[in-house]
Amino acid sequence: MKEKLRANFLKIRKKKYFELSVKNKIFIAKQIRKLCIKNKINKLGFYYPVKYEINIVSVIIRIQTKKLQICLPVIKKKNNMSFKEWTTQEPLIVNKFGILEPGNKNKKIKPQMILVPLVAYDNTKNRLGYGKGFYDRYLSRLIKKNVKILTVGVAFSFQRYHKLSISKNDVRLDLILTNKGLKK
């Protein structure tokens, strides 16, 4: 079921993909900035877009301040994930999945808020990812250690599905941010 749904939504996203307008970028940047201020976030994790995901990099550049450390996911041994600090002037390297990530010299950071990519989401903030479980494993480890982290799924509004089937390893997101609004 999940595999079929994932394939279907990947096709839809590719077909309906669009670059965010300046208005959309400003809207999303304002929402992220508000969340950072409200939750006293100074370490923000996000993703480098692949496969027609919302290009969040230009949005992050808009909100980047000296007080906000930004970091990107890095895939480690045994397909575990961590986050490393990154500045927009630094080059990135290509990992084994063809995704850009910070180099080995960059400092490891535990973000207080993560902008999470997704293939589809539902009204109860469940997320369908690519099926490898990177974000679910990472978030589960933090939850087990009682680490407080705000998770915000980032998607186009057309990626909403009425009800996703979930498994015991799936981690529900706190919020969903789309080009049309913030779902609490």
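When DSSP beta bridges are limited to those with both residues in the chain, what percentage is antiparallel, rounded to the nearest 5?
50 percent
Once you've got the GNM for the chain with C-alpha springs shorter than 10 Å, pick whichever of P111, P49, P73 has the biggest mean-square fluctuation.
Top of the fluctuation ranking is P49.
Roll a 1.4 Å probe over the protein chains and send me the accessible area per residue for the chain in Å².
Value for the chain: 57 Å² per residue.
Below 10 angstrom from the Cβ of N126, what's the summed charge of the other residues (Lys, Arg +1; Asp, Glu -1)?
Neighbour charge sum, excluding N126 itself: +2.
Select from L173, L35, L118 the residue whose mean-square fluctuation is largest in a Gaussian network model of the chain (Cα-Cα springs shorter than 10 Å).
The residue that fluctuates most here is L35.
Calculate for the chain the 222 nm mean residue ellipticity that helices alone would give, adding -39,500 (n - 2.57) per DSSP H run of length 4 or more and normalising by residue count, nearest 500 deg cm²/dmol.
Rounded to the nearest 500, it is -8500 deg cm²/dmol.
For the chain, which whole-number percentage of the solvent-accessible area (1.4 Å probe, protein heavy atoms only) is attributable to carbon and sulfur atoms?
Whole-percent figure for carbon plus sulfur exposure: 53.
Please report, in whole Å, how far the alpha carbons of segment 1-47 spread along each principal axis, starting with the longest.
For segment 1-47, the Cα spread along each principal axis is 39, 26, 14 Å.
Would you kindly find the accessible area of K30, with a 1.4 Å probe and non-protein molecules such as ligands, DNA and RNA excluded, rounding to the nearest 10 Å²?
Counting only protein heavy atoms, K30 exposes about 110 Å² to solvent.
Of the listed values [x] -1.04, -1.14, -1.23; [y] -0.86, -0.96, -1.06; [z] -0.88, -1.02, -1.18, identify the label whose number matches log10 I(q)/I(0) by the Debye sum over Cα atoms at q = 0.15, 0.16, 0.17 Å⁻¹ calculated from this model.
[z]
Of V147, V74, I176, which is farthest towards the positive pole of segment 59-184's charge dipole, taken about the Cα centre with +1 and -1 on the beta-carbons of Lys, Arg and Asp, Glu respectively?
Selected residue: V147.
Among I28, I37, I109, which one moves the most in a GNM of the chain with springs linking Cα atoms closer than 10 Å?
I37
Positive end of the charge dipole of segment 1-97 (Lys, Arg +1 and Asp, Glu -1 on Cβ, about the Cα centre): tell me which of I60, P49, I12 has its Cα farthest that way.
Value computed over the given set: I12.
Given DSSP loops and a limit of at most 13 other Cβ atoms within 10 Å, what is the longest stretch of the chain that contains no such chymotrypsin sites (Phe, Trp or Tyr not before Pro)?
In the chain, the maximal stretch lacking such sites is 98-184.
The values are calculated or read from the model by the stated rules, or taken from the named source; none is laboratory data. Just so it is clear, the structure is predicted and the values come from calculations on it, not from any experiment. Here Cβ is always computed from backbone atoms with ideal geometry, including for glycine, and neighbour counts include all displayed protein chains. Only protein heavy atoms, including side chains, enter the accessible area calculation; ligands, DNA and RNA are left aside. Shrake-Rupley method; radii C 1.70, N 1.55, O 1.52, S 1.80 Å.
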